[in-house]
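Below is one structure, written out as structure tokens, with a few remarks after it.
Since every read-out is calculated from the coordinates, none of them should be taken as a lab result. Remember, it's a predicted structure, so these values are computed and weren't measured experimentally. Methodologically, a virtual Cβ is constructed for each residue, glycine included, from the backbone with ideal geometry; neighbour enumeration extends over all protein chains shown.
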Amino acid sequence: MSQLIVHQIPGAWGLPSIGPFGLKLHAYLRLVAIPYQTVSDATPFKGPKGKLPWIEHDGQRIGDSEFIIEYLERRFGCDPDAGLSAAERAVALSMQRLIEENLYWTMVFDRWMVEVNWPITRQTVLGQIPPAVRLLIAPFARRGVKRQLEGHGIGRHSPEEIHAIGVRDISAIADYLGDKPYLMGATATRVDAAAYGMLANIMLVPIASPVKDAALQRVNIVDYVARMQTRCFAAGDPSDRAAP
Ligand SMILES: N[C@@H](CCC(=O)N[C@@H](CS)C(=O)NCC(=O)O)C(=O)O
């Protein structure tokens, strides 16, 4: 079996990927102990969906973190959600959608549209692109993201409204987590990989945001992110191990 290669947004700020879906995949792969290697791509365009992350494995190229995880579960027989009931799976999926389809866009807004954050995003998220080219294409990339935000709908709101939306999502995550170690109870499941990938990319990065401030004020979320970090990364780098 060939090595699993993950194409991702590069790591920075102490995170192995500063893309929430790439970091989710790192977390998932470590939860299920599948060895992998990463390649940081300067742009998302090479991937089968034109987005990052995507993987190469056994001659196949698969895009989208969810489709990648479904492939891995079929291919490697892993299933961190095996202990969940159908009703619990439904709740986990709803929570994941809140995180990936709503909270995500508030993070994109803060990184790309908030003036004080833009130079940091340009320097780091586009950091693989040679500086002279980066300065030329950065405004086009930024305009593309603005169009995505408007297409989603969230970009039509004021900054205050967008931040209120993000803060509500953070509250919902914190209230649902309560005093459980992981979102669905005692064990980490798929949704925790998604939640960690997003929350770490909001809370542990030098991007100013009221959404980040709200998350940092919820002690259970701060502890949860630290718990996931230890759970997933304390054992070292699985790319050092041989492929199964
Ligand atoms: N549903 C996708 C979302 C991936 C995604 O939105 N990736 C972003 C980076 S975090 C991307 O590649 N954006 C570039 C673009 O949209 O042009 C997944 O789960 O992988």
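For the stretch 1-114, the share of alpha carbon pairs falling in successive 10 Å distance bins from zero is 13, 43, 34, 10, 0 percent. Annotation: peptides 82-94, 100-112, ranked by per-residue average of other Cβ atoms within 10 Å with the highest first, follow the order 100-112, 82-94.
Please report the relative contact order for the stretch 81-176, taking Cα pairs under 8 Å with a sequence separation of at least 6, and give it as a percent rounded to a whole number. Walk me through the numbers before you get to the answer.
Details: 40 pairs, mean separation 31.3, N = 96.
Relative contact order for the stretch 81-176 comes out at 33 percent.
For the stretch 29-103, a simple Cβ point-charge model (Lys and Arg +1, Asp and Glu -1, everything else neutral) yields a dipole of about 180 debye relative to the Cα centre.
Of P16, F67, A42, whose Cα points farthest to the positive end of the dipole of the stretch 1-101 (charges on the beta-carbon: +1 Lys, Arg; -1 Asp, Glu; origin at the Cα centre)? Value computed over the given set: A42. Hey, with R₀ at 35 Å, roughly what FRET efficiency would V116 and R61 work out to, going by the Cβ-Cβ distance, to 0.05? My answer for the efficiency is 0.40.
In the chain, taking the dipole from charged Cβ atoms about the Cα centre, the farthest positive-side position among Q128, P80, H152 is held by Q128. Each Lys and Arg adds +1 at its Cβ and each Asp and Glu adds -1 at its Cβ; summed about the Cα centre, the stretch 1-142 shows a dipole of about 440 debye. Shown here is the pair-distance distribution of the chain: with all Cα-Cα distances grouped in 10 Å bins from zero up to the longest one, the shares run 7, 32, 37, 21, 3, 0 percent. Less than 5 angstrom separates the built amide H of T38 from those of V6, all sequence-distant by 5 or more or on a different chain. Computed on the stretch 101-173, the Cα convex hull volume stands at 92 Å³ per residue. DSSP assigns beta bridges within the chain; of those with both partners inside it, close to 70 percent run antiparallel. Remark: spin-label model distance K180-A208 equals 3.6 nm, labels positioned 7 Å along the Cα→Cβ axis. For the cross-link pairs K24/K212; K46/K212; K146/K212, the ones whose C-alpha atoms lie over 23 Å apart are K46/K212. Straight-line reach from K49: taking Cα to Cα under 15 Å and skipping same-chain neighbours fewer than 8 places apart, the aspartates and glutamates in range are D41, D64, E66.
Would you work out the charge dipole size for the chain about its Cα centre, treating the Cβ of every Lys and Arg as +1 and the Cβ of every Asp and Glu as -1, and quote it to the nearest 20 debye?
Numbers: 26 positive and 25 negative charges, 124 e Å.
Its charge dipole is roughly 600 debye.
Using 0.36 nm per residue and subtracting the Cα-Cα separation, the extra length available between F233 and V219 on full extension is 2.9 nm.
Extension gain, R147 to E160: 0.36 nm times the residue separation minus the Cα-Cα distance gives 2.8 nm.
Please say if the stretch 112-219 is rounded, prolate or oblate, where rounded means a/c under 1.5 for a ≥ b ≥ c the square roots of the C-alpha gyration tensor eigenvalues, and otherwise the choice is prolate for a/b larger than b/c and oblate otherwise? Taking the square roots of the gyration eigenvalues as a ≥ b ≥ c, the stretch 112-219 is prolate. Backbone phi angles across the stretch 132-148, fed through the Karplus curve with coefficients 6.51, -1.76 and 1.60 (θ = phi - 60°), yield HN-Hα couplings of 5, 5, 4, 5, 6, 8, 3, x, 5, 4, 5, 5, x, 5, 4, 5, 4 Hz in residue order; Gly and Pro are listed as x. Spin-label model, I5 to E88: label points 7 Å out along the Cα-to-beta-carbon direction sit 3.8 nm apart. Summarising the label geometry, the points placed 7 Å from Cα in the beta-carbon direction at A132 and A33 lie 5.0 nm from one another. Dipole of the stretch 134-244 computed with +1 at Lys/Arg Cβ and -1 at Asp/Glu Cβ about the Cα centre; of L199, Y176, L216, farthest Cα towards the positive end is L199.
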